[in-house]
Amino acid sequence: MAEIVIVENAEKAGALVADEIARLIASRPDTVLGLATGSTPLPVYAALRTRLADQDVSKVRAFALDEYVGIDPAHPESYRSVISREVVEPLGLTPELVHVPNGAVDGIEHAGDDYEAKIKAAGGIDLQILGIGTDGHIGFNEPGSSFASQTRVKTLTERTREDNARFFDSIDDVPRHCITQGLGTILEARHLVLLAFGEGKARAVAEAVEGPMSAFMPASAVQLHPHVTVVVDEAAASQL
Ligand code: GLP
């Protein structure tokens with residue numbers, strides 16, 4: 001059963017999760033973080049700037065959940081750029097210790113296995129931050145994803161492309177494919193922290209946490225995990 005924490009707003013959620021991460025890093029300087037993109041985790045990253053200001057973060061390791069396939073890594077909306085801009089640079093992490101799946105078309109057939117091997121070599125992820133898509137995707141595991149899935153290439157649904165079009169000049173610029181940690185990969189992390197804010201996420205949150213487990217609600221896979229914390233505002237909790 002997931003622990004549900006209802007907070008006043010996204011900023012409070014960010015502070016709460018950042019405190020937990022700072023504690024983790026204080027006790028283990030080479031903590032392995034699982035990073036999410038999208039707008040939801042931004043308050044966590046913002047709060048970490050002050051929380052980690054006086055801590056040695058040079059050994060912190062991190063793995064992002066996903067990346068677009070075929071996007072120029074230098075594109076401001078590639079997840080590699082987002083993670084550098086929002087996490088690595090402001091927090092002063094060591095860039096070589098922060099990994100993002102390789103979305104280059106060349107060699108894409110090995111990129112999933114390579115990423116899994118890197119996570120295993122790091123000893124697994126200590127704390128995985130998760131947002132949730134309006135259709136219940138986590139990472140880019142769209143409805144229909146196997147609960148046992150590993151890092152692999154997926155096709156984005158039109159709904160996700162529309163949701164993410166706000167980050168691009170037009171919907172035609174939103175990539176059609178992605179490489180994402182699988183639900184099975186995510187479930188291997190030692191602690192899952194799922195964040196959601198706003199009414200638009202209420203249905204997905206309720207179905208993920210309380211609904212029947214189904215590949216059509218990928219986030220419901222978290223019900224299989226023994227240590228899950230769901231941090232939501234009142235609006236996102238409104239259908240619980
Ligand atoms: C993207 C990311 C997900 C994220 C989702 C929700 O599709 N791949 O990891 O959870 O968007 O985004 P937002 O937090 O902006 O609502």
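The values are calculated or read from the model by the stated rules, or taken from the named source; none is laboratory data. Given the structure is predicted, the values throughout are model-derived calculations rather than measurements. Cβ sites come from the backbone with ideal geometry, for glycine too, and all protein chains shown count toward neighbours.
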> Going by the structure shown, is ALA36 touching a helix residue (DSSP H, G or I) at 6+ places or on another chain (Cβ under 7 Å) and more than 14 Å from PRO90 (Cβ to Cβ)?
Replying inline: no
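Looking at the stretch 126-136, which of the residues that are within 6 Å of the ligand (Cβ to nearest atom) and more than 13 Å from VAL209 (Cα to Cα) is modelled with the lowest pLDDT?
First, the residues of the stretch 126-136 that are within 6 Å of the ligand (Cβ to nearest atom): 131-133.
Next, only the ones that are more than 13 Å from VAL209 (Cα to Cα) stay: 131, 133.
Details: GLY131: 98, GLY133: 93.
Among them, the one singled out is GLY133.
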>> Show me the helices (runs of 4 or more DSSP H) entirely contained within the stretch 137-240 in which 1 or more residues are more than 14 Å from the ligand (Cβ to nearest atom) and in contact (Cβ under 8 Å) with a residue 60 or more places away in the chain.
In response: 202-210
> Just one of GLU20, GLU3, GLU11 is charged (D, E, K, R) and within 16 Å of the ligand (Cβ to nearest atom); which is it?
Replying inline: GLU11
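State yes or no: is GLY123 surrounded by 15 or more Cβ atoms within 10 Å (Cβ to Cβ), away from the ligand (no atom under 14 Å from the Cβ) and either farther than 22 Å from ARG152 by Cα or touching a residue at least 40 places away in the same chain (Cβ under 8 Å) (or both)? Outline the logic, then answer.
Working: surrounded by 15 or more Cβ atoms within 10 Å (Cβ to Cβ): no; away from the ligand (no atom under 14 Å from the Cβ): yes; either farther than 22 Å from ARG152 by Cα or touching a residue at least 40 places away in the same chain (Cβ under 8 Å) (or both): yes.
Judged against the criteria, GLY123 is not a match.
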> Of all residues in the stretch 156-208, which are over 22 Å from VAL100 (Cα atoms) and of a type in the set (Phe, Trp, Tyr)?
Replying inline: PHE197
> Quick one: what pairs do we get from the stretch 71-93, first residue free of Cβ contacts under 8 Å to residues at least 12 places away in the same chain, second surrounded by 14 or more Cβ atoms within 10 Å (Cβ to Cβ) and polar (S, T, N, Q), C-beta under 8 Å, 6+ apart or different chains?
Replying inline: ASP72/SER78; ALA74/SER81; HIS75/SER81
> Here is a list of conditions, (1) surrounded by 14 or more Cβ atoms within 10 Å (Cβ to Cβ); (2) away from the ligand (no atom under 16 Å from the Cβ), and PRO101 meets all of them except one; can you say which number that is?
Replying inline: (2)
